[in-house]
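The values are calculated or read from the model by the stated rules, or taken from the named source; none is laboratory data. Note that the structure is predicted; figures quoted are calculated from it, not measured. Here the Cβ is made from the backbone with ideal geometry for all residues, glycine too, and neighbour counts use every protein chain on show. Surface accessibility is based on the protein's heavy atoms, side chains included, excluding ligands, DNA and RNA. Shrake-Rupley method; radii C 1.70, N 1.55, O 1.52, S 1.80 Å.
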Amino acid sequence: MARLGLGALVRDVELAVFDKDGTLIDFHHLWSRKARLAVEAVVLAAGGDRTLANRLYHAIGFDLQTGQALANGPLAVASMAKLYTICAVVLHQDGIPWHDAEQMARAHFAAGLGALPTDDQVKPLGDVVGLFRRLAAAGVRIAIVTSDDRAATLATLPILGIESFIAGMVCGDDPVANKPAPDALLRLSRELDVPLARIMMVGDTVGDMMMGTAAGTGCRLAVLSGAGSAADLAPHADAVLDSITEIRVPA
């Protein structure tokens, strides 16, 4: 356990739980590209037009004007399975029979959105390895809770160079209720034998903060490096920092 500096706040932390996209890696750099690939692939397979494409972008919460996901939209906060269902619903509403819509979503939409990340798509938000090394040296264990699937998350860790630091992980396709339900944090608390009061939840969305609140974690740290704004995050967080690079770890 270590006493961490979080802006003006100081907390004793035994386990630091990090969201992945928008917290450890650049959310928009990865998911803006994936969203375009997924939508365009399924529109092509469906023989659709720009109207269908626009409806799909809107349904998943992707703003074509900014080229970014909306802060509280499905792309930013929902699990992959829920995103596939949203795609199938839009296709069905466009006149495609439901089972065909589901198959099309799995075969084409998922191929783009659920593809394993490549090195050029994973852009770390600062010196993630350095921070994790300092946390580990100070006696803080590290875990990840993400809405992304486990295969994609596991593929991301070696690209970042942090796989050796991760003591636990809960992903969007694990048999655990998704954010903002507290289940993932409760599971990590049990598995790693860490009291909830000594867990810090770090994330870039209101869902991350609500999960920390529901679980009763000792600290909820919001970062502005992803989809959420200070106005949205501050009411749900104990501290708000620009990014994880501002976490102060004792020498």
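What the table shows:
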{"read-out": "Residue in region 2-18 that is under 18 Å from Asp120 (Cβ atoms) and either open to solvent by less than 10 Å² (accessible area, probe 1.4 Å) or modelled with pLDDT under 95 (or both) present", "value": "no"}
{"read-out": "Only one of Ala181, Ala197 that is in a loop (DSSP other than H, G, I, E, B) and open to solvent by 20 Å² or more (accessible area, probe 1.4 Å)", "value": "Ala181"}
{"read-out": "All positions within region 47-74 that are within 20 Å of Asp173 (Cβ to Cβ), of a type in the set (A, V, I, L, M) and either at pLDDT below 95 or open to solvent by 10 Å² or more (accessible area, probe 1.4 Å) (or both)", "value": "Ala69"}
{"read-out": "Residue match in region 202-225 (condition: under 25 Å from Pro117 (Cβ atoms), open to solvent by 20 Å² or more (accessible area, probe 1.4 Å), touching a Ser or Thr at 6+ places or on another chain (Cβ under 8 Å) and hydroxyl-bearing (Ser, Thr, Tyr))", "value": "yes"}
{"read-out": "Yes/no for Leu192 being open to solvent by less than 50 Å² (accessible area, probe 1.4 Å) and within 24 Å of Ala137 (Cα to Cα)", "value": "yes"}
{"read-out": "Contacts under 7 angstrom Cβ, first residue in region 138-155 being closer than 21 Å to Leu30 by Cβ and touching a residue at least 40 places away in the same chain (Cβ under 8 Å), partner charged (D, E, K, R) and surrounded by fewer than 21 Cβ atoms within 10 Å (Cβ to Cβ), 6 or more apart", "value": "Asp149/Asp173"}
{"read-out": "Test result for Val240, part of a loop (DSSP other than H, G, I, E, B) and open to solvent by 20 Å² or more (accessible area, probe 1.4 Å)", "value": "no"}
{"read-out": "One residue from Arg141, Arg190, Arg150 being among the basic types (Lys, Arg), under 28 Å from Gly7 (Cβ atoms) and at pLDDT 95 or above", "value": "Arg141"}
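Here's the yes/no breakdown for (1) more than 18 Å from His28 (Cβ to Cβ); (2) within 23 Å of the chain's Cα centre (by Cα); (3) open to solvent by less than 20 Å² (accessible area, probe 1.4 Å); (4) modelled with pLDDT of 95 or more:
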site	(1), (2), (3), (4)
Cys87	yes, yes, yes, yes
Ala101	yes, no, yes, yes
Arg106	yes, yes, no, no
Ala111	yes, yes, no, no
Pro117	no, yes, yes, no
Pro124	no, yes, no, yes
Asp127	yes, yes, no, yes
